[in-house]
1. Sorting 71, 205, 327 on the 10 Å Cβ count, fewest up front, what's the list?
2. For region 138-234, which chymotrypsin sites (Phe, Trp or Tyr not before Pro) are both in a DSSP coil and crowded by at most 13 other Cβ atoms within 10 Å?
3. Just tell me which lysines come within less than 25 Å, Cα to Cα, of residue 205; anything on the same chain fewer than 8 places away is out.
4. I need the shape label for region 231-293. Rule: rounded when a/c is under 1.5, else prolate if a/b > b/c, else oblate, with a, b, c from the alpha carbon gyration tensor.
5. Classify region 1-46: rounded, prolate or oblate, from the alpha-carbon gyration tensor (a ≥ b ≥ c, eigenvalue square roots; a/c under 1.5 rounded; otherwise prolate if a/b is larger than b/c)?
6. Sort 60, 219 so the one with the fewest other Cβ atoms within 10 Å of its own Cβ comes first.
7. Kindly identify region 1-145 as rounded, prolate or oblate by the Cα gyration tensor criterion: order the square roots of the eigenvalues as a ≥ b ≥ c, call it rounded if a/c is under 1.5, otherwise compare a/b with b/c, prolate if a/b is larger, else oblate.
8. With just the Cα atoms defining each centre, how far is region 276-328 from region 80-137? Give it in Å.
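Read-outs throughout are calculated quantities, based only on the coordinates presented, and are distinct from any laboratory measurement. Just so we're clear, the structure is a prediction, and the values are computed from it rather than from any experiment. Ideal geometry is used to build each Cβ from the backbone, glycine not excepted, and the neighbour counts take in all protein chains shown.
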Amino acid sequence: MNRPRISVVIPTRNGALTLPACLESLRAASLPPAEIIVVDDASSDATGDIARRYGCGVIRTDENIGAARAKNRGARAATGDVLFFTDDDVIVSPDALARLAEDFDDARVAGVVGLLDRAIPFEDFASHFKNLWMRFTYARMPRTRIGLFYTSVAAMRREIFLALGGFDENYRGASLAEDTEFGQRAWAAGHTIVLDPRVSVTHCKQYTPREVLRTDFLRARALMLMRLRKWGQPFFTSVPTFYQLAVPMLFAALGALAFTLVHPIFLGVCLCLLLITYGLLFTWLVYLARERGVGFALLAALFQPLDVLAVGAGMLAALIAFVRGKKY
């Protein structure tokens, strides 16, 4: 059986520090890609030169066009049967492309999404917290027919990708939600995207606590706006139900705390709501304890309310923006 030709598409802006490790991992793959296309989004460093040294096809933009448009340009220039999207700070496991090829042997499969590896080359709390959350939420999803497309590690048949119009170029700047929106569109159109946990990558992205909160705020805003635009239509999300419930529960707890000035009974209400919030988050905290130890999970339990508040604030910002007529 002839395996599909896989074109790797990497959008990047000033990725000179991380791109070499990414390209080395792809060149060391047990099934080498047919081509690697690096879309140099108006970098001011040596990103383009590095990509050329590794034999990649390079598309250079004269101005910063953002991740969605950059990925679309790479996809249109690709010649392979399958497009594999990844980031310049990702290290692809040696057998990831071979696993993808196996998945695409099934003609019913239109796309494949993989998982982030548990391990990252950093020691700090925030980076592990963010990386494990992304792994945790995706690993919980069904293996077949998902409505998501996470372009740190995602592949799609090129013909289908182009027929669907690629990524929505109304999304500007760094990647936030254009991949999720594309997955929703592919799912609604009846295409089959599968989750293959064997397709693994290491995401070498370091976060500070502030960056985690900012990223989650912006992503929650983008996803909420998407949901409002698609109101009444089926909506697929990787966010667990328990987390969706924890957001309003924590805000209710804060509201009860504010009312303690009116009557002390509200302090008890606040504490009850906080206990319910942590009860909802218990599965996630147990997962963190298993992966990184009890101390890490306790630190996460202290940080988690801030993150939930950031997500809730992002959702509220989306509602305000939508009422004002903004859609992105």
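1. So the residues, fewest neighbours to most, are 327, 205, 71.
2. Filter output for region 138-234: 231.
3. Filter leaves 71, 130.
4. Note, shape of region 231-293 comes out oblate.
5. Working: a/c = 5.00, a/b = 2.00, b/c = 2.50.
Cα axes put region 1-46 in the oblate bin.
6. Working: 60 13, 219 18.
By the 10 Å Cβ count, ascending: 60, 219.
7. oblate
8. Here the two parts' Cα centres lie 23 Å apart.
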